[in-house]
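J.: Take this structure first; my questions come after.
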Amino acid sequence: MVREMAERYGFYEFFAGGGMARAGLGASWECLFANDFDPKKAAAYADNWGKEGLHVGNVGRVKANQLPGRADLVWASFPCQDLSLAGAGAGLKGSRSGTFWPFWKLIESARAQGRKPRTIVLENVCGLLTSHGGADFAALCEAVGGAGYWIGALVIDAQLFVPQSRPRLFVVAIDIDEPIPGRVQSPYAVDMWHPERLRRAQAALPERLRRNWLWFAPPAPAKRNEQLIDVLEDRQAWDDVSETAKLLAMMSPVNRTKVDIMAASGVRAVGAVYKRTRIEDGRKVQRAEVRFDVAGCLRTPAGGSSRQTILMVDGGVVRSRLVSARETARLMGLAEDYRLPARYTDAYHLTGDGVAVPVVRHLAEWLLEPVLAGGMARVAA
């Protein structure tokens, strides 16, 4: 049955962080339940969205009877550390990424009570596709598909929407009893949303899972107009000259040449610098690597090197400073009135662990809402 316009879609938000999925879903959606185990992130969530429906604690201790009604959507951006290429490779057996399993047990409990969610989105790093030789991805698809869902996946890079390179995997599941509008799927796997690594992972799934696989086909977004320079705050203090000189000295010849070319051009340019450990001549060397097109992927600042540096090249003068908390929020597509934690590290941890807001909106508009509306496009007021 197609919903009336006045009625909103109900969703649960797990591993909610600061509620960036909620921000992306927008006013047509109502959060029925939110959960995160981190008190600092939960405090930011409550500061922006209120405490109603928010449960702070381990997802493994949440009971199905705490979940109100039947969700139109369950969004779960579960921890990525054990699946990331920068992690130890524990995968879905790890203590952090492995929290998918108690989360899924909770969803199965709701299903057993006759409250099967209509749609589910699982967001994580693309390392999920290759973790343990693809076994983790297959196990996740087996769990979800075995619960009576059509299943598909997309790789979406946030740089299509904001000036930050942030490719992420979105596994989308739809109750097998839901009608699937033709315009949200394609018979073809080869497009911007389904890179080769995803196609290989899908091809390696058991045949019974591939029978229920859908190739989702949302349209390409409009060309992004926002550039790195557009996210900068005006009143941030720059490092002294010696600190900038140290940063430039850490660059490889290739990266230093990028800066020199920009300086020689006389054009005002903004870059983002990330420090990485490289192996050179058999030894580890910390290098500063710069991009002038988009920022690198924001990461949680377990150490100072995880924080990105802004590099300004203007009239041949090069200046540097840490990216500000508000700038990281802008790189995630958060609104200017989104309230960030007061401590820099807490704010960076919140944004670096989040999901890019406009990516969520794109998925909601072109995939989730058409499915939930029974294939009928919702008419703007």
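J.: To the nearest Å, what is the center-to-center distance of the range 126-187 and the range 53-125, using C-alpha atoms only?
T.: The range 126-187 and the range 53-125 have Cα centres separated by 15 Å.
J.: Shifting gears a bit: Sequence gap of 8 or more, or different chains, plus Cα separation below 20 Å: how many lysine pairs satisfy both in the chain?
T.: Close lysine pairs under the 20 Å cut-off: 12.
J.: Rg to Rh for the range 188-338: what is it, with Cα atoms only and Rh by Kirkwood?
T.: With Rg and the Kirkwood Rh in hand, the quotient comes to 1.08.
J.: For the residue pair residue 306 and residue 200, what label-to-label distance in nm results when each label sits 7 Å from Cα along the Cα-to-beta-carbon direction?
T.: 2.8 nm
J.: Can you tell me the length gained on complete extension of the stretch residue 238 to residue 176, counting 0.36 nm per residue apart and subtracting the Cα distance?
T.: Details: separation 62, 0.36 × 62 = 22.32 nm, distance 5.50 nm.
So the extension gain works out to 16.8 nm.
J.: Could I ask something else about it? Would you calculate a helix-derived [θ] at 222 nm for the chain, using -39,500 (n - 2.57) for each DSSP H run of n ≥ 4 and dividing by the full residue count, to the nearest 500?
T.: Numbers: 12 runs with 102 residues, N = 381.
Here the helix-only value at 222 nm equals -7500 deg cm²/dmol.
J.: Between residue 189 and residue 337, what FRET efficiency comes out of the Förster formula 1/(1 + (r/R0)^6) with R0 = 45 Å and r the beta carbon distance, rounded to 0.05?
T.: Working from the Cβ atoms, E equals 0.65.
J.: Which log10 I(q)/I(0) values, to two decimals, does the range 67-178 give at q = 0.15, 0.18 Å⁻¹ under the Debye formula with one point per Cα?
T.: These q points yield log10 I(q)/I(0) values of -0.66, -0.91.
J.: Can you tally the net charge around residue 132? Count Lys and Arg as +1, Asp and Glu as -1, for every other residue whose Cβ sits under 12 Å from the Cβ of residue 132.
T.: Details: positive: 93; negative: 82, 136.
Here the count lands on -1.
J.: Then there is this: Can you tell me what the convex hull of the Cα atoms of the chain projects to on average, as an area in nm²? Each step should come with its number before you reach the end.
T.: Working: hull surface 80.9 nm².
That works out to 20.2 nm².
J.: For the range 131-207, what's the radius of gyration and Dmax over Cα atoms, in angstrom?
T.: Both quantities, over Cα of the range 131-207: 13.6, 39 Å.
J.: Between rounded, prolate and oblate, where does the range 108-253 land on the alpha carbon gyration tensor, with a ≥ b ≥ c its root eigenvalues, rounded for a/c under 1.5, else prolate if a/b exceeds b/c? Each step should come with its number before you reach the end.
T.: Numbers: a/c = 2.36, a/b = 2.13, b/c = 1.11.
Note, shape of the range 108-253 comes out prolate.
J.: Under 5 Å between amide H atoms, partner at least 5 residues away or on a different chain: which partners does residue 322 have, H built in plane at 1.01 Å?
T.: 310
J.: Here is a follow-up. What are the semi-axes of the equivalent ellipsoid for the range 237-323, taken as the square roots of 5 times the Cα gyration tensor eigenvalues, largest first, in whole Å?
T.: Equivalent-ellipsoid dimensions as semi-axes: 21, 16, 12 Å.
J.: Let me ask another. Quick one: length gained pulling residue 66 to residue 115 fully straight, 0.36 nm per residue minus the C-alpha distance? Mind showing how you got there, number by number?
T.: Details: separation 49, 0.36 × 49 = 17.64 nm, distance 1.23 nm.
Contour length minus the Cα-Cα distance gives 16.4 nm.
Read the figures in this text as sums done on the coordinates, not as results from a lab. Only a predicted model underlies this, so the values are computations on that prediction, with no experimental measurement involved. Because the Cβ atoms are built from the backbone with ideal geometry, glycine has one as well, and the counts that use them run over all protein chains shown.
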